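The structure appears below as structure tokens.
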Amino acid sequence: MNVETPVSDRPLPCGHRTGELLDYHLDGENTALEQHLATCPHCRAELAEIAERWGAVRRAAETPVRAPEGLLERTLAVLRESRDHETGEWVELQQERGRLYIRPTATVSLTRGLVRRILRETPELALLSCVPEGRVLRVDLVATYPAAAGRLLPELRQRIEAGLVEHLGVSAPEITVRLADVAPPARNEHER
Amino acid sequence: MTEGVDADERATERVPDDSALLMAAKEGDTSAFDSLVRTHTNRLYRVALRIVDDPVEAEDAVQEAWVSAWRALATFRGDAAASTWLYRVVTNAALSQVRKRKPTVPLDLAEESPLAAVSPEGTGDPEGTALREEETRRVHTAIARLEPSQRLPLVLRELEGMSYEEVAEVLEVNITALRSRLHRARLALLTELREVP
């Protein structure tokens, strides 16, 4: 690191500085300097030197960067491992011919699908997020004012739990359902 | 964005799709998130590598960035472009890699930058390719010698080709502060380029 290096914002004999010319070279937007350049040999020479040196930066920017072989696969593996670690526990389902183990992410996905299906009947509520918190799955909703959320939430929670038990049996995770946000009514509804 | 970036990586063309995928991921849709990972990992790697100048650290930064992004999905509100949000996550992860480093003896100016391995495609002109590689190495060695507060805006603006507004949003600074940082960064890089052999 080069915090100490003095920056070469050197003044030219005409009073203008390298930094001004560098910014002009990269951004333009300096009419006064542009007019001055027409008559100043010092600025023109400095600008030409800047353009030559900065050409290397432009070419470096255009040089493709190739990601290492297998980067995507390794990244997805790290991500899945992290998700599984954080996404509660595997669900163990007893079946006639043995046990079925269900990934935590699959349980979240199933819950999300269930909630969205149930919410088709209650357009005043929408799913905001579905995230695991330890052994509990937290479902956050957003309601359009003035939804009767107090009445709807317990019923909704019961329906989600029933749906999960139907799919996952007694190993279904515990659910909490919260109203996380309230959205204003759509304009036409408000005016109605 | 940078001319070296493939057309399908251009952020502006992906904003609606990416934002929709992020919103779906926020609801718990892991496949939507994985789709973003597939689309953007190479780009995030390029940004990280240009900041940390080390392939191993760049890969760590990319993986840390995606894990952080997954954990921070609740903070994505859809008011910023998805690409801006992802750039912010990866620059933070890259910066974190730089800060984790133990103090070391400053690099020899002539020491080869890992980005020297980032070579142009074969052009049938071995001499020209070698010169271009050498030039790219010099630039990245010079950038790696800048302090992080200068390196980040410089990489985003001059190498990634982002607008002032986009860089300001990624770095969460106002345009005036960004212009000032970038002015110093450009001068510092020019100084380095004059010094690097």
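The values are calculated or read from the model by the stated rules, or taken from the named source; none is laboratory data. Predicted model, so just to flag it, every value in this text is computed and none were measured. Note that each Cβ is placed from the backbone with ideal geometry, even for glycine, and that neighbours are counted across all protein chains shown.
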Exercise. Looking for whichever is within 23 Å of residue B:44 (Cα to Cα), modelled with pLDDT under 95 and more than 7 Å from chain A (Cβ to nearest Cβ) here; the options are B:148, B:197. Which one fits?
Key: B:148
Quiz item: Which one of the conditions (1) surrounded by 18 or more Cβ atoms within 10 Å (Cβ to Cβ); (2) farther than 23 Å from residue B:140 by Cα does residue B:71 fail to meet, given that it meets all the rest?
Solution: (1)
Quiz item: Taking the range B:21-33, which residues are assigned to a helix (DSSP H, G or I), at the interface with chain A (Cβ under 10 Å from one of its Cβ atoms) and either crowded, with 19+ Cβ neighbours inside 10 Å or modelled with pLDDT under 85 (or both)?
Solution: B:25, B:26, B:30, B:33
Quiz item: Across the range A:113-146, what is the number of residues that are within 18 Å of residue A:185 (Cα to Cα) and among the small types (Gly, Ala, Ser)?
Solution: 2
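Step by step: first the residues of the range A:125-175, then only those that are basic (Lys, Arg) and not in a helix (DSSP H, G or I), then the one that is farthest from the other protein chains (Cβ to nearest Cβ). Which residue is that? Reasoning before the result, please.
So the first thing to find is which residues in the range A:125-175 are basic (Lys, Arg), and the list is A:135, A:138, A:151, A:157, A:159.
Going one step further and asking which of them are not in a helix (DSSP H, G or I), we end up with A:135, A:138.
On the way: A:135: 16, A:138: 10 Å.
Going through the qualifying residues, I end up with A:135.
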Quiz item: Among the residues of the range A:97-118, is there at least one that is more than 8 Å from every other protein chain (Cβ to nearest Cβ), in contact (Cβ under 8 Å) with a residue 40 or more places away in the chain and in a strand (DSSP E or B)?
Solution: yes
Practice problem: Evaluate the range A:19-36: report whether one residue or more is part of a loop (DSSP other than H, G, I, E, B), under 33 Å from the mean Cα position of the chain (by Cα) and not aromatic (Phe, Trp, Tyr). | Solution: no
Quiz prompt | Given (1) buried (at least 16 other Cβ atoms within 10 Å of the Cβ); (2) at the interface with chain B (Cβ under 9 Å from one of its Cβ atoms), number of the condition residue A:27 does not satisfy | solution = (1)
Quiz item: closer than 30 Å to residue A:183 by Cα, more than 7 Å from chain B (Cβ to nearest Cβ), surrounded by 13 or more Cβ atoms within 10 Å (Cβ to Cβ) and of a type in the set (A, V, I, L, M, F, W, C): does that describe residue A:21?
Solution: no
Self-check item: From A:77, A:51, A:45, residue being among the hydrophobic types (A, V, I, L, M, F, W, C), over 25 Å from residue B:42 (Cβ atoms) and exposed (fewer than 13 other Cβ atoms within 10 Å of the Cβ)
Solution: A:45
Practice problem: Identify, by number, the condition in (1) within 10 Å of chain B (Cβ to nearest Cβ); (2) within 27 Å of residue B:156 (Cβ to Cβ); (3) under 39 Å from the mean Cα position of the chain (by Cα); (4) in a helix (DSSP H, G or I) that residue A:64 doesn't meet. | Solution: (4)
Quiz item: Which ones in the range B:154-176 are surrounded by 21 or more Cβ atoms within 10 Å (Cβ to Cβ), assigned to a helix (DSSP H, G or I) and within 12 Å of chain A (Cβ to nearest Cβ)?
Solution: B:154, B:155, B:156, B:157, B:158, B:159
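Rundown of residues vs (1) under 30 Å from residue B:20 (Cβ atoms); (2) among the acidic types (Asp, Glu), yes/no style:
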residue: A:56; (1), (2): no, no
residue: A:70; (1), (2): yes, no
residue: A:77; (1), (2): yes, no
residue: A:81; (1), (2): yes, yes
residue: A:113; (1), (2): yes, no
Exercise. From (1) in a helix (DSSP H, G or I); (2) in contact with a strand residue (DSSP E or B) (Cβ under 9 Å, 6 or more places away or on another chain), pick out the condition that doesn't hold for residue A:94.
Key: (1)
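Within the range A:48-67, does at least one residue satisfy the condition of being modelled with pLDDT of 80 or more and more than 28 Å from residue B:51 (Cβ to Cβ)?
To start, the set of residues in the range A:48-67 that are modelled with pLDDT of 80 or more comprises A:48-67.
Subsequent filtering for residues that are more than 28 Å from residue B:51 (Cβ to Cβ) retains A:48.
Scanning the range A:48-67 turns up at least one residue that is modelled with pLDDT of 80 or more and more than 28 Å from residue B:51 (Cβ to Cβ).
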Practice problem: Report, by residue number, each residue of the range A:78-95 that is at pLDDT 75 or above and within 14 Å of another protein chain (Cβ to nearest Cβ). | Solution: A:78, A:79, A:80, A:81, A:82, A:83
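Is it the case that the range A:76-94 has a residue that's of a type outside the set (A, V, I, L, M, F, W, C) and either over 30 Å from residue A:174 (Cα atoms) or assigned by TED's automatic domain parsing to the domain that holds residue A:175 (or both)?
Within the range A:76-94, the subset of a type outside the set (A, V, I, L, M, F, W, C) is A:80-89, A:92, A:94.
Checking which are either over 30 Å from residue A:174 (Cα atoms) or assigned by TED's automatic domain parsing to the domain that holds residue A:175 (or both) leaves us with none.
No, the conditions are met nowhere in the range A:76-94.
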Quiz prompt | Filter pass, residue B:116 being outside any loop (DSSP other than H, G, I, E, B), surrounded by fewer than 23 Cβ atoms within 10 Å (Cβ to Cβ), under 18 Å from the mean Cα position of the chain (by Cα) and at pLDDT below 90 | solution = yes
